[in-house]
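Here the structure comes first, spelled out in structure tokens, and everything after it is commentary.
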Amino acid sequence: SERDRSVERLESAESQEGESLGVSREILTERLCEAVTALQQATSDNMALRRKWEAAQEERDALQIQMNNMEKEILLAQPQAAPVLDFVEGGLDLSAMATMRASMFY
């Protein structure tokens with residue numbers, strides 16, 4: 001049939017093309033399988049790194065909440081905390097706290 005002849009011509013052309021490159025079909029197949037395996041491994045590694053990154057983000061968010069709570073405690077205990085924390089006389093130095101906070105996270 002016409003379809004069978006088309007398939008045969010296509011297979012013949014593929015075989016000749018592969019041989020004209022000096023590489024057999026088996027070697028091309030093997031290299032393709034290696035490439036697919038390497039891509040699967042890279043995808044798996046990427047997913048593992050993504051999970052670690054997300055866990056680190058969650059930990060950072062939890063620490064930031066904890067820090068915010070500590071800052072609130074400092075503000076509430078300002079008169080007692082000022083001498084110990086070496087803040088500006090008579091009040092809390094918010095710019096120093098902001099600088100300290102920024103250096104912790106950025």
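The values are calculated or read from the model by the stated rules, or taken from the named source; none is laboratory data. Treat the numbers as computed from the prediction; the structure is a model and nothing was measured. Here Cβ is always computed from backbone atoms with ideal geometry, including for glycine, and neighbour counts include all displayed protein chains. These accessible areas exclude ligands, DNA and RNA; they are computed on the full protein's heavy atoms, side chains included. Shrake-Rupley method; radii C 1.70, N 1.55, O 1.52, S 1.80 Å.
Things to note:
- Filter result for A55 (assigned to a helix (DSSP H, G or I), modelled with pLDDT under 95 and surrounded by 10 or more Cβ atoms within 10 Å (Cβ to Cβ)): no
- Scanning the range 12-49 for residues that are at pLDDT below 70, open to solvent by less than 100 Å² (accessible area, probe 1.4 Å) and not small (G, A, S) yields a single hit, E14.
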